[in-house]
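Presented below is the structure to which this report refers.
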Amino acid sequence: MESVSPVGESDRKLSLVIFAARESLGTCIRTLNAAHDALPPHGTIDVLVNGNPNLARSLSEILAGYKALPTTLCVRVWNLPLGDKANAWNAYFHNVWDGEKLVFFIDGYVRLLPNALRNLMKAVDSRPSSLGGSGVPTVGRTSAALRTAMLVHGGFHGNLCCVKGDVIEDLRRRRIRIPLGVYRVDSILGAVLSFGLNPRDMAWDPLRVVVCPDASWNIDEKSVWRWRDWRAKLNQVERQLRGEMENAAVKFFFTELKVQPEELPKDVRQLSLAWRKLGKDSYQKFTSHNLLSAFAYWRHLQQTSDWTMKDVCQLVVQTPFSKTGPF
């Protein structure tokens, strides 16, 4: 796979993907306004709203009814009926990507710092052998420790990351998909990149993902006085525990079985069953030493999952974009 040669901003096609689901309309608008200031000219912003058709419709109505100033930016809003983050990533790779040379990814509540994307792009361009890149957190109680760990050991942070276009082309050609229902989507994709898309023949190399210390973002601070923030934190803790088991399962498939990314089980339930069957000792060792993670994972698997809408990705609006209000 050939790497992308460094080129000027005006000579390349860039795209920013925003994954939205449970955010408020005002949060999404603030995210878009910050993205407008951060994305270089001639770019496209794709907002993938998964599992929230009302948000997709409301956001589209505001953007379609707003008289944008002359701009080189374009925004597209997509409605994904299935509320699943892994499916949203898959939908972008296989249904939305339009040949852009570099694609940035952020979450719907992330407000990019003005130079974040340019700094990340320069960092990726400085290492032609890289397949993607990641920003680092600068806000939050654990941000300092996580930032240090990423700069020392590498990482791929879902709040701000990027993937080169030729990598996406390979993902699409080989029909590589992230298992549906997983929480640690960025960890799994980061592992795929660190193995050079080829765990069978290539060693893990975290340098395939460039970590840029000068690319970051802001998010709204949580309040100890709001129940919804406590509830969101509790849900996050449970998902993170579940994610530890997902990471261990994927690590087993890549490092022990040496499977290719396209050979991973198709959803989180199949991932667990296959790990328990093919790596019984590894599975039992992890679960016995990580009871909370195993319990969180078991709780998640008790939920009924319907993947019939996984291939549905509807373009709701496409319009020129400049900063809007009143949010």
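The values are calculated or read from the model by the stated rules, or taken from the named source; none is laboratory data. What you are looking at is a predicted structure, and each value in this text was computed from that prediction instead of being measured. So basically every Cβ, Gly included, is an ideal-geometry build from the backbone, and we count neighbours across all protein chains shown. Only protein heavy atoms, including side chains, enter the accessible area calculation; ligands, DNA and RNA are left aside. Shrake-Rupley method; radii C 1.70, N 1.55, O 1.52, S 1.80 Å.
Structure notes:
- First in segment 271-295 and closer than 19 Å to ARG184 by Cα, second anywhere and outside any helix (DSSP H, G or I), Cβ under 6 Å, 6 or more apart: LEU271/PRO179; LEU271/PRO265; ALA274/PRO265
- Within segment 30-45, being farther than 12 Å from VAL75 by Cα, in a helix (DSSP H, G or I) and not charged (D, E, K, R) holds for THR31, ALA34, ALA38.
- Test: residue in segment 74-85 that is at pLDDT 90 or above, open to solvent by less than 10 Å² (accessible area, probe 1.4 Å), under 17 Å from ASP107 (Cα atoms) and assigned to a helix (DSSP H, G or I): no
- Segment 92-114, residues that are within 12 Å of ALA35 (Cβ to Cβ) and more than 13 Å from the chain's Cα centre (by Cα): ARG111, LEU112, LEU113, PRO114
- VAL250 vs. criteria under 30 Å from THR44 (Cβ atoms), at pLDDT 90 or above and touching a Ser or Thr at 6+ places or on another chain (Cβ under 8 Å): no
- Condition met for ARG57 (among the basic types (Lys, Arg), under 22 Å from ASP220 (Cα atoms), touching a residue at least 24 places away in the same chain (Cβ under 8 Å) and not in a loop (DSSP other than H, G, I, E, B)): no
- Each residue in segment 253-273 was checked for being open to solvent by less than 20 Å² (accessible area, probe 1.4 Å) and in a helix (DSSP H, G or I), and 6 pass.
- Residue list for segment 274-320, restricted to those being assigned to a loop (DSSP other than H, G, I, E, B) and over 20 Å from GLY243 (Cβ atoms): THR304, ASP306, THR308, MET309, LYS310, ASP311, VAL312, CYS313
- Check on ALA144, aliphatic (A, V, I, L, M), modelled with pLDDT of 95 or more and either closer than 22 Å to GLN318 by Cβ or surrounded by fewer than 17 Cβ atoms within 10 Å (Cβ to Cβ) (or both): no
- Boolean, GLY26 is among the small types (Gly, Ala, Ser) and in contact with a Phe, Trp or Tyr (Cβ under 8 Å, 6 or more places away or on another chain): yes
- Exclusive hit being among the polar types (S, T, N, Q), modelled with pLDDT of 95 or more, closer than 27 Å to GLU263 by Cα and open to solvent by 10 Å² or more (accessible area, probe 1.4 Å), set SER134, SER187, SER129: SER129
- If the condition is being modelled with pLDDT of 95 or more and surrounded by 18 or more Cβ atoms within 10 Å (Cβ to Cβ), then segment 171-184 contributes LEU171, ILE176, ARG177, ILE178, PRO179, LEU180.
- When every residue of segment 102-124 is checked against the conditions, none turns out to be of a type in the set (Ser, Thr, Tyr), modelled with pLDDT of 95 or more and under 19 Å from LEU193 (Cβ atoms).
- Of all residues in segment 296-323 being crowded, with 16+ Cβ neighbours inside 10 Å and at pLDDT 90 or above, the one that is farthest from SER60 (Cα to Cα): LYS310
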